[in-house]
Amino acid sequence: LVRAFSTSLGRHSPIKTVAIIGSGLMGSGIAQVAAANGHTVTVVDQTDEIINKATAAIKKSLGRVVKKKFPDDPKAQQTYISDVMSHLTLQTDAKAAVKSADLVIEAIVENLEIKRKLFASLDKAAPPNTIFVSNTSSIPIRDIATATNRLDRFGGLHFFNPVPVMKLVEIIRLPETTDETFTALESFGKALGKKTVQCKDTPGFIVNRLLVPYMLEAVRLVERGDATPQDIDVAMKLGAGYPMGPFELLDYVGLDTTKFIVDGWHQRDPDNPLYRPSEILNKLVAENKLGIKTGQGFYSYN
Ligand code: CAA
Ligand code: NAD
């Protein structure tokens, strides 16, 4: 019944108040879209400096949204941005942020121990009915969820970069995730204007299980000297219709995030050739060439 009624932008979504931990690429995008769809959103990060950067990133992204939504109407553009921002609070206290949240979305660094530590502390601070999700790209949700005592109210909610543009959310369900939790996550996804798909808790879920080996295979072409990143990008855009080539996408996603994904999978499944670490990727990350976010990756953005 809830499914039948939840199409009209989540009027029936039980999730109204959202705490998002991590205000990077993903956290700020999720926060923007949740606030734009009427949720009360608190975003948490480690320092005021990071928070200020995230606020600027959200405003910049909203600027792109309003140009399309209200062309030639600067007043409507400004009103919309102010309205969305009035639904958003950015701060540094995670425990305070989760106290009144219906949903906590974790979007911090892709590291199991750090995520577990965070969730263990949030589990004590949040009310018992609060649902917890991780936006992890590659870590099994169960490995994160067992840091808490709420496996029935735990799941994966995997968004895509850039969140304001990409229409998909993958919902990951544990065997313990209740129907009520799952339905709440599904209607939240719809309330954000996203299409949801469901996947079991398997490495990479659907999209990354296909996308990450593809991007790594592109890097191996370069490592073997078979082709240049530039030619591979042109080839995949014009020959396969992808919006970005694999190297553009690697820089866009962040080379550190991709390395975390590959290293994690390699550790779990060392004999799988698809997850073999890449020398070029390791070298670029060691040099802090992480892609667009640091101004240099496979390409230069300065
Ligand atoms: N915020 C708001 N709007 C944005 C935006 C942002 N951050 N980024 C782009 N847009 C809007 C633009 O304003 C533009 O709007 P109009 O059509 O009204 O002009 C539209 O999106 C297209 O943007 P651009 O014209 O700048 O550039 P583009 O046509 O090349 O599109 C793109 C940009 C949408 C990012 C496109 O290149 C694309 O789809 N790339 C692939 C992205 C992808 O594969 N993402 C998944 C990564 S994997 C992942 O996320 C999972 C993981 O766990 C790692
Ligand atoms: P990012 O590096 O842009 O941002 C991570 C943020 O988390 C940083 O601002 C950092 O300061 C903050 N942080 C780290 N530890 C924290 C803590 N204990 N408390 C509060 N804040 C903390 O990373 P991102 O690209 O936004 O990725 C975040 C998560 O989303 C990762 O799990 C990643 O795998 C996943 N993801 C990434 C993408 C992508 O394309 N980059 C896509 C989907 C999912």
Counting sequence-distant residues (5 or more places) and residues on other chains, those with an amide H built under 5 Å from that of L290 are Q296
I'd like the distance between the alpha-carbon centres of the range 48-107 and the range 232-302, rounded to an integer number of Å. 28 Å
In terms of the charge dipole of the chain, which places +1 on Lys and Arg and -1 on Asp and Glu at the beta carbon, the residue among N149, P127, Y275 farthest towards the positive end is P127
Hz values of 3J(HN,Hα) by residue in the range 108-121 - Karplus curve (6.51, -1.76, 1.60), Gly and Pro given as x: 9, 3, 6, 9, 4, 5, 5, 5, 4, 4, 4, 5, 4, 6
Please report the net charge: other residues with Cβ closer than 12 Å to the Cβ of W265, K and R +1, D and E -1. 0
Applied in sequence order to the range 74-84, the curve 6.51 cos²θ - 1.76 cosθ + 1.60 (Karplus, θ = phi - 60°) yields integer Hz couplings, x standing for Gly and Pro, of x, 5, 4, 4, 5, 4, 4, 4, 4, 5, 4
Distance check, please: which entries in K99/K289; K69/K115; K99/K259; K67/K115; K16/K124; K195/K293 exceed 32 angstrom between their Cα atoms? K99/K289; K69/K115; K99/K259; K67/K115
Hey, got the dipole for the chain? About the Cα centre, +1 on K and R Cβ, -1 on D and E Cβ, debye to the nearest 20? 800 debye
Convex hull of the chain built on C-alpha atoms - directionally averaged projected area, nm²: 16.6 nm²
Over the chain, what is the relative contact order in percent, taking alpha-carbon pairs closer than 8 angstrom and at least six residues apart? 15 percent
Under a cut-off of 18 Å between alpha-carbon atoms, report the aspartates and glutamates in cross-link reach of K53, not counting same-chain residues fewer than 8 places apart. D45, D93
Using θ = phi - 60° and Karplus 6.51 cos²θ - 1.76 cosθ + 1.60, couplings along the range 270-275 (whole Hz; Gly, Pro as x): x, 8, 7, x, 5, 9
Under-5 Å amide H pairs with V43, H placed in peptide plane, nonlocal only: I20, T89, L90, Q91
Output the peptides 241-247, 32-38 sorted from most to least packed, where packing is the average of other Cβ atoms within 10 Å over each peptide's residues. 32-38, 241-247
Computed label-point distance, nm, for sites C199 and K283 using a 7 Å Cα→Cβ extension: 3.1 nm
So what's the net charge close to G22: Lys and Arg +1, Asp and Glu -1, counting the other residues with Cβ under 9 Å from its Cβ? -2
Counting only DSSP beta bridges with both partners in the chain, the antiparallel fraction in percent, to the nearest 5, comes to 20 percent
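Laboratory data are not the source of any read-out in this text; all were calculated from the coordinates shown. None of these values were measured; they are calculated from a predicted model. Neighbour counts are summed over all protein chains in view; Cβ atoms, including those assigned to glycine, are modelled from backbone coordinates with ideal geometry.
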